[in-house]
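Asks: Here it is: the structure, laid out below.
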Amino acid sequence: MKIRDLALMSALAIAVAACETGPSSTDDDSMSSGKDAYGFAAGSQEDLTVTAGDRVFYGFDMYNLTPEGEATIAREAEWLAKYPNSTVTVAGHCDERGTKEYNLGLGMRRATTHKNGLVGSGVDAGRIAVISYGKEDPIVEGSSEEAYAQNRVTIVTLN
């Protein structure tokens, strides 16, 4: 597992633990300090990941959005509306099956579909870059269906 994945998993674990009790309605300290209700810096990658989600998953050899993917993109668009100076990169990934060239194209189609969803939800296209990693930068190592499913993804990162 990569260091960035471990860091993201740690941030998500903290956020999930915080969700169990939720923030206090009288806790104004986090808002005045520039942090969100879960203690992340407002407008940060962690804030995006926890409050909107940063990943959309796809079926095998697919690049169309599922209802869950559409919901994630809608939340991301709302988040980006709160932070109009933020720009993002949408990275398309694939599982290890198929050729390098095919997967680079599929990853780009996934990233473009994700970008088009954000633009359709009101985000200016100039704020969104796309890139494809194909199968060259797997999110999860392994040759199981579980690993494949995690690698068929687009991920939004703040620039």
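Asks: Checking Asp95 against (1) assigned to a helix (DSSP H, G or I); (2) more than 30 Å from Tyr38 (Cα to Cα), which test does it fail?
Replies: (1)
Asks: Now for a different question. Mind checking which residues of region 99-128 are free of Cβ contacts under 8 Å to residues at least 40 places away in the same chain and part of a loop (DSSP other than H, G, I, E, B)?
Replies: Matches in region 99-128: Thr99, Asp124.
Asks: I would also like to ask the following. Identify the residue in region 125-148 that is touching a helix residue (DSSP H, G or I) at 6+ places or on another chain (Cβ under 6 Å) and more than 18 Å from Met62 (Cα to Cα) and, among all such residues, is surrounded by the most Cβ atoms within 10 Å (Cβ to Cβ).
Replies: Ile128
Asks: While we're looking at this one, here's another question. Just give me the residues in region 63-92 being over 19 Å from Arg127 (Cβ atoms), in a loop (DSSP other than H, G, I, E, B) and touching a residue at least 40 places away in the same chain (Cβ under 8 Å), in sequence order.
Replies: Scanning region 63-92 gives Tyr63, Asn64, Leu65.
Asks: Additional query: Scan region 38-48 for residues that are touching a residue at least 40 places away in the same chain (Cβ under 8 Å) and crowded, with 22+ Cβ neighbours inside 10 Å and jot them down.
Replies: Passing the criteria: only Leu48.
Asks: Further, regarding this structure: Would it be correct to say that Thr154 is within 16 Å of the chain's Cα centre (by Cα) and surrounded by fewer than 18 Cβ atoms within 10 Å (Cβ to Cβ)?
Replies: Working: within 16 Å of the chain's Cα centre (by Cα): yes; surrounded by fewer than 18 Cβ atoms within 10 Å (Cβ to Cβ): no.
So Thr154 does not fit the description; no.
Asks: Given (1) touching a residue at least 60 places away in the same chain (Cβ under 8 Å); (2) part of a strand (DSSP E or B); (3) aliphatic (A, V, I, L, M), identify the lone condition not met by Ile131.
Replies: That leaves (1) as the condition not met.
Asks: Could I ask something else about it? When you go through Thr72, Thr89 one by one, which is the residue that is at pLDDT 95 or above and crowded, with 16+ Cβ neighbours inside 10 Å? Steps first, please.
Replies: Values: Thr89 fails: crowded, with 16+ Cβ neighbours inside 10 Å.
Residue meeting the stated conditions: Thr72.
The values are calculated or read from the model by the stated rules, or taken from the named source; none is laboratory data. Everything numeric in this text was worked out from a predicted model, so none of it was measured. Neighbour counts are summed over all protein chains in view; Cβ atoms, including those assigned to glycine, are modelled from backbone coordinates with ideal geometry.
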